[in-house]
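Single-structure report; data block below.
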Amino acid sequence: MSGRLYIVGLGPGDTRWLTPEAQEALSLAQDVIGYTPYVERVPKRLGQNRLASDNRVEIDRAREALERVSAGRVVAVVSGGDPGVFAMAAAVFEAVDAGAPHWRDLDIRVMPGVSAMQAAAARFGAPLGHDFCAISLSDNLKPWSLIEKRLEHAARGDFVIALYNPASKARPTRIVDAFTLLRGLLPGDRFVGLAKSIGREKEEIILATLDTVDPAQVDMSTLVMIGASGTKQISRENARDWIYTARAAS
């Protein structure tokens, strides 16, 4: 079999959210490459090599995959959620863009996955029913000043905002900084939802507002969603409230 690279989205965690297309790609791969927790989620297959690494070596992983595909191997680079959303697809194409000319002729296929944002929205109800945006709070590859600028414009533009990478051991206060900025721009009763470990055993859904949300409840496994002016809450007595954003702008 000639070399081929699959860039596979594993979804947020629930194996039922892994697409049949992604399952087929994983079954064909001779090598599986990715961040250690994601590689561990791939079912082991006899004769398949597994190369797991740290979360800050995306370009190294991409180059390793491209070298192996160049040698004729079938490789799957895996990401959680969707590989094109703050994940490995961009890293692979960055490596191609800056790498060996023959890499541009390789057979590279991106397998979409259910993103954390989509999974969280489904748990809340339908908060992405009108215009929305996604912003990563990680300042590893961009300055915090740029993140602040994008948060401000998203708030002023009245978008529903999904926050990825909101907190980590190295960046424990960035979510506090983000909430502080947004409280200066948005009303205190604006909806905030925390989807923690979505699709996994310890999943937890927390509904709050900008005034009541506790940043201490946010970690790297949390998807944070902030509503727009059209985001509404349907109260229910015996179950968690539903959240949706009206389809028509007010």
> Which residues' amide hydrogens lie under 5 Å from the amide hydrogen of residue 115, considering only partners 5 or more residues apart or on another chain, with H built in the peptide plane?
Replying inline: 82
> Along the charge dipole of the stretch 4-114, Cβ charges K/R +1 and D/E -1, which of 7, 42, 70 sits furthest on the positive end?
Replying inline: 42
>> Which lysines, if any, have their Cα less than 25 Å from the Cα of residue 232, not counting same-chain residues under 8 positions apart?
In response: 196
> Just how large is the dipole of the stretch 117-245 about the Cα centre, in debye to the nearest 20, putting +1 at every Lys and Arg Cβ and -1 at every Asp and Glu Cβ?
Replying inline: 240
>> Checking the cross-link filter: which lysines have an alpha carbon closer than 22 Å to that of residue 142, excluding same-chain neighbours under 8 positions apart?
In response: 169
> Hey, if you put +1 on the Cβ of every Lys and Arg and -1 on every Asp and Glu Cβ in the stretch 126-250, which of 188, 243, 128 ends up farthest toward the positive end of that dipole?
Replying inline: 128
> Based on DSSP H runs of at least 4 residues, each adding -39500 (n - 2.57), what is the mean residue ellipticity at 222 nm of the chain after dividing by all its residues, to the nearest 500 deg cm²/dmol?
Replying inline: -8000 deg cm²/dmol
> Check residue 126: other-chain or 5+ apart residues with amide H under 5 Å from its amide H, H built from backbone geometry?
Replying inline: 243, 244, 245
> Check residue 136: other-chain or 5+ apart residues with amide H under 5 Å from its amide H, H built from backbone geometry?
Replying inline: 164
>> Of the candidates 188, 34, 227, which one comes out as most mobile in a Gaussian network treatment of the chain with C-alpha springs shorter than 10 Å?
In response: 188
> Taking the DSSP beta bridges in the chain as the whole, what percent of them are antiparallel, to the nearest 5?
Replying inline: 40
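Could you tally the net charge around residue 131, taking each other residue with its Cβ under 11 Å from the Cβ of residue 131, Lys/Arg +1 and Asp/Glu -1?
0
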> Which value, in debye to the nearest 20, describes the size of the charge dipole of the chain about its Cα centre when Lys and Arg Cβ atoms bear +1, Asp and Glu Cβ atoms bear -1, and nothing else is charged?
Replying inline: 200
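Once you charge only the Cβ atoms, +1 for Lys and Arg and -1 for Asp and Glu, what is the size of the charge dipole of the stretch 1-112 about its Cα centre, to the nearest 20 debye?
Details: 13 positive and 15 negative charges, 66 e Å.
My answer is approximately 320 debye.
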> List the aspartates and glutamates whose alpha-carbon lies under 20 Å from that of residue 149, not counting same-chain residues fewer than 8 positions away?
Replying inline: 131, 139, 158, 177
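Take every DSSP beta bridge with both residues inside the stretch 117-245 and express the antiparallel ones as a percent of the total, to the nearest 5.
Antiparallel bridges: around 70 percent, rounded to the nearest 5.
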> Which angle between 0 and 90 degrees, to the nearest 10, do you get for helix 144-156 versus the longest principal axis of the chain when only C-alpha atoms count?
Replying inline: 50
> Where does helix 174-183 land angle-wise versus the long Cα axis of the chain, in degrees 0 to 90, nearest 10?
Replying inline: 40
>> Less than 9 Å Cβ to Cβ from residue 229, Lys/Arg counted +1 and Asp/Glu -1: what total charge do the surrounding residues give?
In response: 0
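Rule-based calculations on the coordinates, nothing more; no lab input. Quick caveat, the model's predicted, so the values are computed rather than measured. For neighbour counting, all protein chains shown are included, and Cβ atoms are generated from backbone atoms with ideal geometry for every residue, glycine included.
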